[in-house]
Each structure stands twice: as structure tokens, then as C-alpha cells.
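Heads up: the structure comes next, in C-alpha cells.
The values are calculated or read from the model by the stated rules, or taken from the named source; none is laboratory data. These numbers come from a predicted model, not from an experiment. Every residue, glycine as well, gets a Cβ built from its backbone with ideal geometry; the counts of neighbours run over all protein chains shown.
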Amino acid sequence: MIALALAIIWIGTSAATMPMPVAEVQAHRSRMIATQLLEQKIENALAIKSRRQAREGAKALTPMLVEEEKYWDRANVADALQFAQRNASTARRLEAEAGRGDLKAVSVSLDALRANCVACHGRHPETRMNVGR
Ligand code: HEC
């Protein structure tokens, strides 16, 4: 009984997140769209074997995903934060691989990145956060 009561208190307090301002949520959505375009740019770079385009895409992608990591940290949704952390670290690795022109490695990292995008979307973290005004 005591354990149950403590568990309920723990869930209650950990779920009490600060509201995320609507402007921040909109900025996050814009970053998602930009991220998708960069992911497509890198995919296209692989198709045409353009090391330069892969490098440019990867360089722009990393800061977006680092911002997303900060966003999910502020939103305080634990599983989303884990996906976002993984995506930011995969982006850093992908950028390093693109920097040394290793398109084969970039291709592997891009697949890992995409699987992580899909996994996070499937969990619908946006339904589990406190959006303010
Ligand atoms: C940490 C979780 C998470 C990860 C990782 C993630 N997304 Fe998202 N994404 C979301 C959420 C949540 C939404 C829904 C928008 C919202 O928050 O209301 C979304 C929405 C989107 C949208 C639609 C945006 C719109 O409003 O039209 C696109 C496009 C998108 N994501 C692309 C990506 C791509 C590409 C990746 C991987 C590189 C990615 N996302 C990784 C959480 C994530």
C-alpha cells in the first residue's frame, strides 16, 4: 500500500512539467520540416555520390538535432529525450563521416537516423507534454 502511494506521488510529481510555450512548439515543428529536407539532401548526395553535398547537408543537420535535444529536455518527456539524444549523436557521427568523405558510412548512419525518427514519431510524445501559451 505504502509503495503504491509512493508510486502515485512519484508519477504525479514527475508528470508535472512546465508548460512549453506555443512559439517553441512551432519552432520545433519548423525544425522537423527543415530536418526532413536535409535528410533528403543527404540521401540525394548519396545517390549522385556528391561528397560536397553530403558534407553541406550533414553540417546543417547537426545543429538542428542538437536544438531538438534541448527542446525535449525542456519538454521533459523522458523517452523522447532519449530518441533526441540518440539522433543528435548520430548526426555528429554522420557529419564526421561526411567530413572525411566516407559515403558508405554516411549511408549506414542515415539509415540509423531515419529509424530513430520513425521510432520517436510512433511514440507520439507531443500528446504527452504540457503545452502552454
Ligand atoms: C524526439 C522525438 C522525435 C524525433 C527523434 C524526430 N521527430 Fe519529427 N516529430 C516529432 C513530433 C513529436 C512531431 C509532431 C509535431 C509536434 O510536436 O506537434 C514531429 C513531426 C515531424 C514532421 C512534421 C512537421 C509538421 O508539423 O509538419 C516532420 C517532417 C518530421 N517530424 C521529421 C523528422 C525527421 C526527418 C526526423 C529524423 C531526422 C525526426 N522528425 C525525428 C518528434 C520527433
Task: Condition check for Leu103: more than 20 Å from the chain's Cα centre (by Cα), farther than 16 Å from Ala115 by Cα and at pLDDT below 95 - done: no
TODO: Considering only the stretch 67-125, state which residues are within 7 Å of the ligand (Cβ to nearest atom) and of a type in the set (S, T, N, Q).
DONE: Asn87, Asn116
Task: For Ala54: the one exception among (1) more than 23 Å from Ala23 (Cα to Cα); (2) near the ligand (Cβ under 9 Å from one of its atoms) - done: (2)
Open item on the list: Six or more apart or on different chains, Cβ atoms under 9 Å: show the pairs whose first residue is in the stretch 22-39 and over 13 Å from Val131 (Cα atoms) and touching a residue at least 24 places away in the same chain (Cβ under 8 Å) and whose second is small (Gly, Ala, Ser) and more than 6 Å from the ligand (Cβ to nearest atom).
Closed with: Ala34/Ala60; Leu38/Gly57; Leu38/Ala58; Leu38/Ala60; Glu39/Gly57
Task: First in the stretch 52-71 and farther than 12 Å from Glu39 by Cβ, second anywhere and more than 12 Å from the ligand (Cβ to nearest atom) and among the polar types (S, T, N, Q), Cβ under 8 Å, 6 or more apart - done: Gln53/Asn44
Task: Scan of the stretch 32-51 for residues that are more than 9 Å from the ligand (Cβ to nearest atom) and not hydrophobic (A, V, I, L, M, F, W, C), ordered by number - done: Lys41, Glu43, Asn44, Lys49, Ser50, Arg51
